[in-house]
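Below is one structure, written out as structure tokens; comments come after it.
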Amino acid sequence: MIRVLLVHDECLMRSVLAEWLRREPDLGVEETTWRGAPGRLRAARPDVCAADLECSDTYGIPPLGELGRGGAEPAPPGLLVLTSASRPGLLKRAVEAGALGYVDKESSPERLVRAIRRVAEGKRFVDDSLGFGFLKAAQMPLTRRELSVLSLAAEGASVAEIAGSLHLSNGTVRNYMAAITRKTGARNRIDAIRISQGEGWL
């Protein structure tokens, strides 16, 4: 029996998908939201964690690191993500989190079942339709420091507050914001935040 934890913030979609997966005799399925995922991981100790990359909290950035730290012993569960090519930043975060499976949300449920079984075996599964998204993910223009600055700006922090949080000078923060605006092709700070959230970088 493959123990699966399904992580999805939309209740209806999560419930329907979980019921569909439970039809498979070799899958034992539990479900949770992103907020409840760390606790359920410790309790369920799944073999595979299948997670939708669209997260309702933290400006849509899923806490993938929590999934890698809280699972079954001695190793964490295999991570499989449900995603789309339109948000390459989220794909990049999934790669950095060590995900083995990448299923396009436009795929059939049968593809998800196949992916779960592959990941349970420790093998990689990638939908061909996500190729363009991976290409764009490799071309993300912002550095980690620039992302840190922009994340705080997206939360409404002022230049002085960002500088204090990251132990930088006000001038350095302004320089980072200018670089971010230029690299994203934005008109201003607000536009840079909008573009970065749309791409899944933020």
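Worth pointing out:
- Inter-residue pairs, beta-carbon under 8 Å, first open to solvent by 50 Å² or more (accessible area, probe 1.4 Å) and in the range 36-49, second in a helix (DSSP H, G or I), 6+ apart: ASP47/ALA120
- Lone unmet requirement of (1) of a type outside the set (S, T, N, Q); (2) in contact (Cβ under 8 Å) with a residue 12 or more places away in the chain; (3) farther than 30 Å from VAL113 by Cα; (4) open to solvent by 30 Å² or more (accessible area, probe 1.4 Å) for ARG182: (2)
- Checking each residue in the range 149-169 for being within 18 Å of TRP201 (Cα to Cα) and hydroxyl-bearing (Ser, Thr, Tyr) picks out only SER151.
- TRP201 meets all of the listed conditions (1) closer than 27 Å to ASP104 by Cα; (2) more than 24 Å from the chain's Cα centre (by Cα) but one, namely (2).
This table checks each residue for (1) in a strand (DSSP E or B); (2) surrounded by 16 or more Cβ atoms within 10 Å (Cβ to Cβ); (3) modelled with pLDDT of 85 or more.
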{"site": "GLY65", "(1), (2), (3)": "no, no, no"}
{"site": "ALA75", "(1), (2), (3)": "no, no, no"}
{"site": "VAL81", "(1), (2), (3)": "yes, yes, yes"}
{"site": "LEU91", "(1), (2), (3)": "no, yes, no"}
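- Residues of the range 15-35 that are under 19 Å from the mean Cα position of the chain (by Cα) and either of a type in the set (Gly, Ala, Ser) or open to solvent by less than 30 Å² (accessible area, probe 1.4 Å) (or both): THR32, TRP34.
- Restricting GLY200, GLY122, GLY101, GLY133 to residues that are at pLDDT below 90, in contact with a strand residue (DSSP E or B) (Cβ under 8 Å, 6 or more places away or on another chain) and closer than 30 Å to PRO77 by Cα narrows the list to GLY133.
- Scanning the range 1-24 for residues that are free of Cβ contacts under 8 Å to residues at least 12 places away in the same chain and touching a strand residue (DSSP E or B) at 6+ places or on another chain (Cβ under 6 Å) yields a single hit, ARG22.
- Where helices (runs of 4 or more DSSP H) sit wholly within the range 95-155, those with at least 2 residues that are more than 25 Å from ILE195 (Cα to Cα) and open to solvent by 10 Å² or more (accessible area, probe 1.4 Å) occupy 109-120.
The values are calculated or read from the model by the stated rules, or taken from the named source; none is laboratory data. Just so we're clear, the structure is a prediction, and the values are computed from it rather than from any experiment. Backbone-built Cβ (ideal geometry, glycine too); neighbour counts: all protein chains shown. Keep in mind that these areas ignore ligands, DNA and RNA; they rest on the heavy atoms of the full protein, side chains included. Shrake-Rupley method; radii C 1.70, N 1.55, O 1.52, S 1.80 Å.
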